[in-house]
1. If you take the residues in the range 33-59 that are part of a loop (DSSP other than H, G, I, E, B) and within 20 Å of the chain's Cα centre (by Cα), which one is surrounded by the fewest Cβ atoms within 10 Å (Cβ to Cβ)?
2. From 241, 258, which residue is at pLDDT 95 or above, in contact with a strand residue (DSSP E or B) (Cβ under 9 Å, 6 or more places away or on another chain) and outside the structural domain of residue 178 (by TED's automatic domain parsing)?
3. Within the range 271-285, which residues are in a helix (DSSP H, G or I) and either in contact with a strand residue (DSSP E or B) (Cβ under 6 Å, 6 or more places away or on another chain) or surrounded by 14 or more Cβ atoms within 10 Å (Cβ to Cβ) (or both)?
4. Just checking, how many residues over the range 306-359 are surrounded by 11 or more Cβ atoms within 10 Å (Cβ to Cβ) and over 20 Å from residue 61 (Cα atoms)?
5. Working carefully through the options 360, 300, find the one that is assigned by TED's automatic domain parsing to the domain that holds residue 71 and within 32 Å of the chain's Cα centre (by Cα).
6. Given the conditions (1) out of contact with any strand residue (DSSP E or B) (no Cβ under 7 Å at 6 or more places or on another chain); (2) at pLDDT below 95, and given that residue 344 satisfies all but one, which numbered condition is not satisfied?
7. Just give me the residues in the range 1-18 being under 16 Å from residue 351 (Cβ atoms) and in contact with a strand residue (DSSP E or B) (Cβ under 8 Å, 6 or more places away or on another chain), in sequence order.
8. Of all residues in the range 128-141, count the ones that are in contact (Cβ under 8 Å) with a residue 60 or more places away in the chain and more than 16 Å from residue 172 (Cβ to Cβ).
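The values are calculated or read from the model by the stated rules, or taken from the named source; none is laboratory data. Everything quoted here is computed from the prediction, not taken from an experiment. Heads up, the Cβs are rebuilt from the backbone with ideal geometry, glycines too, and the neighbour counts pull from every protein chain shown.
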């Protein structure tokens, strides 16, 4: 199967906005046949979200384009009785169903896991939500920033003077989506038993905070915001240079000694304030000020080249445009081109290489209901039935 290990797997994507669509996008990149089931007329809310008003008006917002390439789109009113039956028809030929409604919505529709499992016993049903299907918060609405706050992420982001801060991208949505994709792939490997997967974005984020959580649970240390400083070592953080911020991680004693000597600050090695790792951690801000006296004399690129060659990990703090123009990213083919009519747009490809090849979308993001005829014909509907259902607003 090469770069398409999920080829032959059909996934019903009933999700909206980011966590669910991102999950299903990762599966599509791995070769799965992903059918996006959307509300007639409006579709995924992400279709009208993004920085380009014209695209939003055309229901192809940038937020939608970012994680829906390679999928097919059908429309279906899940509140109608005929719509419920049509979803069951799709389930019979599917391997996985993914939804990110608030807990209880699918049950009220009469389409929850027990119902759909009776239709397809080996169905893998994945429910993604902010807090999970159980617990006192299960019914609360959840967006990424809400989860960032509830999970503790915001309390440790920023500096001691300005925390809390949200992480600058939808961390909870994407972490939750990737967690769901991993769980689905694992269950596909375990088939033919089927499963109900309860994925909480909050759980996913807390899991990803492993070191921070363990420092409190095991070490009794209450996590706090430390800006760009690495709390486990010093000098390890972000430093000023002649042109742009520079990250240096001199986490080992020998790296610290090499750094000090290269900067012409061997005197600091004998300073009692910096003799041990714990001394340097205690006096990290004074140490940073001393090192920056030299670091500000040259541009970051010069320091990066010299320090990395000496085994002292360092790297520039890049803007997003700089990252996308960086030779490293370009060399590895992280960005893929997809055609939308006569226009070509770029989206992220898979975050992994399979046998040296990076999986990329095979088709552009679909227009709303673009595959209605194809998919509903496969479900056994005639052209007249499809037309009638469209007129009735069922599809």
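1. 51
2. On the way: 258 fails: in contact with a strand residue (DSSP E or B) (Cβ under 9 Å, 6 or more places away or on another chain).
Result: 241 is the single residue among 241, 258 that is at pLDDT 95 or above, in contact with a strand residue (DSSP E or B) (Cβ under 9 Å, 6 or more places away or on another chain) and outside the structural domain of residue 178 (by TED's automatic domain parsing).
3. Listed by number, the residues that qualify are 274, 277, 279, 280, 281, 282, 284.
4. The number of residues fulfilling the criteria is 30.
5. 360
6. For residue 344, the failing item is (1).
7. Answer for the range 1-18, where residues must be under 16 Å from residue 351 (Cβ atoms) and in contact with a strand residue (DSSP E or B) (Cβ under 8 Å, 6 or more places away or on another chain): 3, 5.
8. Summing the residues that are in contact (Cβ under 8 Å) with a residue 60 or more places away in the chain and more than 16 Å from residue 172 (Cβ to Cβ) in the range 128-141 gives 2.
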